[in-house]
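Structure record follows, encoded as structure tokens.
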Amino acid sequence: MTPHIVRPAGGSWRAATLGCVLVTALLCGGCSGASTSTAGHGNGPARSTGSATIRVPGQAATINAALDRARPGDLVLVSPGVYHESVTVRTDRVVLRGTDRNRVVIDGEGRRSNGVVVTAAGVSVENLTVRNHLLNGVLVTGMSDADGGLARGSDGYQHLDPARFPPLDGFRVRYVTAHANGLYGIYAFNARHGVLERNYASGSADSGLYVGQCKPCNVLVQDNIAEHNAVGYEGTNASGPIWVLHNRFTHNRVGLTVNTDYQEAYVPQTGGVVAGNLVADNNAPDTPEQADGGFGIGIGVAGGQHNALLRNRVSANSRAGIVLASHEDVPPLDNRLEDNDLSANAVDISYQASARAPGQGNCLRGNTLHRTLPENLPHTAPCPGGNSRTSATAPRPRTAPPPAGIPFLDVAPPSAQPQLPHAQSAPATPAVRLPGDVDPDRVPLPGPDLLAVRPRQGVTVR
């Protein structure tokens, strides 16, 4: 965790036809593999003797067998190996941790749906790798039924009912490598009071990191790397407080999106802070292809309102650095773009509100700019007042078709990633009272080497 950012206290840019395919995936009964557990201790009381450590495979042959035994506050500590099981965490305040991030691998083998599914509050998943799943690497969700299983009831087009499925409270996913998963790498849906930090996501056919359907979210997305995905990060109907701080979103098809989507609850999206991120070179052809061909955008805001984009470095995106647009009848309102450094983009900022949903109050101040559409945008949208409903907008650019993508299972694996310090000996810290005190004003403009890692390798753990 980055001390200057936080003191811990304890739909996408694509068309709506794809937007929340997430729901279909989330609600798919295929999240269980051959060795998935079907029983757990639920939310029962913790042992009077305190928390325990359950070691895999020393004390339990599989991860699910260990989780079946776990009580609130316990640590399930997994030794190196390749585990062919879909893991389900149904017990509150459990910590699931690998002893070695790069050698503890939950492998879906291209046939199981999910790597780790969390439907209990206060759970932390840390220091391991999830790869080769048809849907999600790690899924954290309040969409669970009375038996702790994933809820059904949506085909991706029906409105979801958060009154029936209240949000999960408290989660953490950190030091996780999510590679080559067919939907999302790390996916928090209908969950709040959580942290996604120091994760690496690549090869996701939708997005590497996703936060959706929470209002207020109270979620911090910090110090992550997402590259070689269709989209690096998506925040759909994820409303403030939510902070996306100090992340590296590079070499995706689209870097980062903040958007409204009618296929999820809590329309419209409002009140996010996106600060201190590196969003660069998001025009990589060796990535999974999106359904509508989105390509070359750094940051997209579609129907987002009252968001702040502050001190981001946005460069070398072949279609546009930042796009502000409407979503159906939801206008972009009162979004603030300040002190961002934009360079080498085809267009630095493009304002594309529609006649059906004209935006207003969007403002620019202190940005390093070379070209905007409309050309006079900095003058018609000054802070603090912003633009008017009658301000000119840019037409959607006609661009060449994006390059064909590659299957998500064919995306080259990453290099070894940094370990959680003292993974074998650190006590379990359940995900409660998160995310703590967050101060985005202390997040600086990043350099072009933010969170740079070694070049990707052509091999990985077997």
Cβ crowding within 10 Å averaged over residues, with 163-169, 68-74, 199-205, 390-396 ranked highest first: 199-205, 68-74, 163-169, 390-396
Label-point separation, R55 to E328 (7 Å along Cα→Cβ), nm: 5.4
Burial order of peptide ranges 299-305, 372-378, 419-425, 60-66 (average beta-carbon count within 10 Å, highest first): 299-305, 60-66, 372-378, 419-425
For region 55-61, Karplus couplings with θ = phi - 60° (6.51, -1.76, 1.60), whole Hz, Gly/Pro x: 9, 10, x, x, 10, 9, 5
DSSP bridge pairs, region 293-449: antiparallel proportion in percent, nearest 5: 5
Estimated vicinal HN-Hα couplings, Hz - region 440-445 in sequence order (Karplus 6.51, -1.76, 1.60; Gly, Pro = x): x, 5, 9, 8, x, 4
Cα coordinate range in region 161-232, projected on the principal axes (Å, largest first): 36, 22, 14
Separation of alpha-carbon centers, region 164-229 and region 372-414, rounded to whole Å: 24
Ranked by how many other beta carbons lie within 10 Å on average, peptides 445-452, 213-220, 98-105 from highest: 213-220, 98-105, 445-452
Backbone HN-Hα couplings from phi across region 180-193 [Karplus 6.51/-1.76/1.60, Hz, Gly and Pro as x]: 6, 10, x, 10, 10, x, 10, 9, 10, 10, 6, 9, 9, 6
Among beta bridges that DSSP assigns inside region 243-344, antiparallel share in %, nearest 5: 5
Check: region 318-380 dipole with +1 on Lys, Arg Cβ and -1 on Asp, Glu Cβ, in debye: 120
Computed magnitude of the charge dipole of region 165-305 (debye, nearest 20; Cβ of K, R +1, Cβ of D, E -1): 420
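Where a number appears in this text, it was derived from the coordinates with a stated rule and is not lab data. Predicted model only: the values in this text are computed from it and were never measured. Please note: Cβ atoms are built from the backbone with ideal geometry, for glycine as well, and neighbour counts cover all protein chains shown.
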